[in-house]
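Before we start, here is the structure in question, set down as structure tokens.
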Amino acid sequence: MAITIERWGEDDLPLLERYNTPEMTRHLGGPETAELLALRQARYLRLWETDEARMFRIEQDGAPVGGIGYWQVEHDGVPAWESGWSVEPQWQGQGIAREALRLVIRRVATDASRTLLVAYPGVANAASNALCRGAGFEQRGSATLPWRGGELEVNNWVLDMSPLDLEGREPDVDETFAGDDLDPSRWWPFYTPHWSSRAMTAARRRTGDHGLELIIDAETQPWAPEFDGDIRVSHVQTGQFSGALGSEIGQHRFRAGLRVREEQPVKRLWLAHHGVIEARLRGIRHPDAMVAFWPIGFEARPDECGELCIAEIFGSELDDEGGWVGVGVKAQNDPRLRTDFEKIRVEGDLTGFHDYAIEWMPERARFFIDGRWVKTVAQRIDYPVQLMLDVYEFPHADGSRDVAALPHIFRVERIRTFPPAAMPEL
């Protein structure tokens, strides 16, 4: 099912007419007259031409199923975009509005002139309120608005798309990897060794004035053939927690049936709990390689295992103009979370250094690339996380490797964490 949004056109009045039923307008005061619909159609076309609004036809596999748009408003005296949407009843409940809103958010995010997106669904409109919440909007009260000669009670939903602001904030850790090797008070240079062994998962690495290099070369062996096939990894992390030999207790339970194959010491090293986490790193443009920066719950309690994926970059998804960066929350085995992860298109050379960051608050997380907002996830993750940093090499279908392309070198210039911002005094 392909969901797209297309510019509203002169032939789209019938779509407005199909919306104009008691069922579709029950949260908006009822149907409009034919004259008002014609005026609305003309307004949609005119405001696009004057850059005051962008209205779109929602299509599923090329067939029109609804409409969505955004237009200029002021919210509490601040310039903002307001969004609204409608999907025909027979197409509701299939995630169409969710995907259309995601596409609108991606468009709004490219316009730095206004960094707030707002929506005002009726308080009784459960579906639209849930859509706002799922898209990362924050509810900021409710209001009663004048509407068609009467009043409409609405909820105020706000999506803050402002850039990352670190002015006046000092990092509690600023890691530049300048020493002869990793700082053992911060780094554990093994990839979840409890599911394999330290010998099989030890990071091939270099540090110094150039930062950190994680390396996969011709001698790198699969890290856990029994559980993960021929995948090779070079990885460092800032914590370690697992159980006794043979137990099922251990961080990053990535598949069923895992058991501890080698006991490990507990390492509470560089753990973060809210605030900003930022890394400056480079991707690798090769179809077999993937690099990632993905803090996970320290997992002293089994459910505290969610993932904050700050950057996941597949070499197969890079091209001459840019590439795709995966960001968001992965539930892993935390039953309180739902995976909310997407790939963001970034223009420019992703094999050069870029900044990837998260501003992590108790009730939500905002993700940034080069300081620019790209995504908000409105979920509660309220436990310490450890940093996970790695390069993967994936085998070909026949098990062979592109040895001529080796080594794959993942370069990281710095990683910083900032404590949560101080609350303003009242």
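Can you report the number of residues in the range 58-90 which are under 30 Å from Gly141 (Cα atoms) and in contact (Cβ under 8 Å) with a residue 12 or more places away in the chain?
22
Which members of the range 1-19 meet the condition of being surrounded by 12 or more Cβ atoms within 10 Å (Cβ to Cβ), in contact (Cβ under 8 Å) with a residue 60 or more places away in the chain and under 26 Å from the mean Cα position of the chain (by Cα)?
Correct list: Ile3, Thr4, Ile5.
Please return the ranges of strands (runs of 3 or more DSSP E) entirely within the range 355-426 where 3 or more residues are under 28 Å from Gly211 (Cβ atoms) and charged (D, E, K, R).
408-418
Right, something else. Among the numbered conditions (1) modelled with pLDDT of 90 or more; (2) within 22 Å of Leu101 (Cβ to Cβ), tell me where Leu13 comes up short.
(2)
Out of the range 217-237, which residues are out of contact with any Lys or Arg (no Cβ under 6 Å at 6 or more places or on another chain), in a loop (DSSP other than H, G, I, E, B) and either over 19 Å from Ala202 (Cβ atoms) or not polar (S, T, N, Q) (or both)?
The answer is Asp217, Ala218, Glu219, Trp223, Ala224, Gly229, Asp230, Ile231.
Something else: Among the residues of the range 63-89, which ones are among the small types (Gly, Ala, Ser) and touching a strand residue (DSSP E or B) at 6+ places or on another chain (Cβ under 8 Å)?
If the condition is that a residue be among the small types (Gly, Ala, Ser) and touching a strand residue (DSSP E or B) at 6+ places or on another chain (Cβ under 8 Å), then Gly66, Gly67, Gly69, Ala80, Ser83, Gly84, Ser86 are the ones that fit.
Name every residue in the range 198-211 that is on the phi > 0 side of the Ramachandran plot and either out of contact with any Lys or Arg (no Cβ under 9 Å at 6 or more places or on another chain) or surrounded by fewer than 18 Cβ atoms within 10 Å (Cβ to Cβ) (or both), in order of residue number.
Gly208
Would you mind stating whether Val327 is buried (at least 22 other Cβ atoms within 10 Å of the Cβ), within 13 Å of Phe410 (Cβ to Cβ) and not acidic (Asp, Glu)?
no
Tell me, which residue of the range 25-37 that is of a type outside the set (Gly, Ala, Ser) and assigned to a loop (DSSP other than H, G, I, E, B) is surrounded by the fewest Cβ atoms within 10 Å (Cβ to Cβ)?
Among residues in the range 25-37 that are of a type outside the set (Gly, Ala, Ser) and assigned to a loop (DSSP other than H, G, I, E, B), the one surrounded by the fewest Cβ atoms within 10 Å (Cβ to Cβ) is Thr33.
Is there any pair linking a residue in the range 104-126 that is touching a residue at least 24 places away in the same chain (Cβ under 8 Å) to one that is assigned to a helix (DSSP H, G or I), with Cβ under 6 Å and at least six apart or on different chains, and which?
Matching pairs, first to second residue: Leu117/Val108; Ala119/Cys132; Pro121/Ser128; Pro121/Asn129.
Out of the residues in the range 70-117 meeting the condition of being hydroxyl-bearing (Ser, Thr, Tyr) and in contact with a helix residue (DSSP H, G or I) (Cβ under 7 Å, 6 or more places away or on another chain), tell me which one is modelled with the lowest pLDDT.
Ser86
While we're looking at this one, here's another question. With respect to the numbered conditions (1) over 30 Å from Asp402 (Cβ atoms); (2) of a type outside the set (Gly, Ala, Ser); (3) touching a residue at least 60 places away in the same chain (Cβ under 8 Å); (4) surrounded by fewer than 19 Cβ atoms within 10 Å (Cβ to Cβ), which one is the sole condition not fulfilled by Gln264?
Here Gln264 meets the rest and fails (4).
Take Pro22 and decide whether it is buried (at least 17 other Cβ atoms within 10 Å of the Cβ) and in a loop (DSSP other than H, G, I, E, B).
Here the answer is no, as Pro22 does not meet what is asked.
Kindly evaluate Val403 against the criterion of being closer than 16 Å to Val327 by Cβ and in contact (Cβ under 8 Å) with a residue 24 or more places away in the chain.
Taking the combined requirement at face value, the residue does not satisfy it.
Looking at the range 373-391 only, could you name the residues that are closer than 26 Å to Asp303 by Cβ and among the aromatic types (Phe, Trp, Tyr)?
Within the range 373-391, just Tyr383 meets the criteria.
The values are calculated or read from the model by the stated rules, or taken from the named source; none is laboratory data. Remember, predicted model here, so these are calculated numbers, not experimental data. Virtual Cβ from ideal backbone geometry, glycine too; neighbours counted across all protein chains shown.
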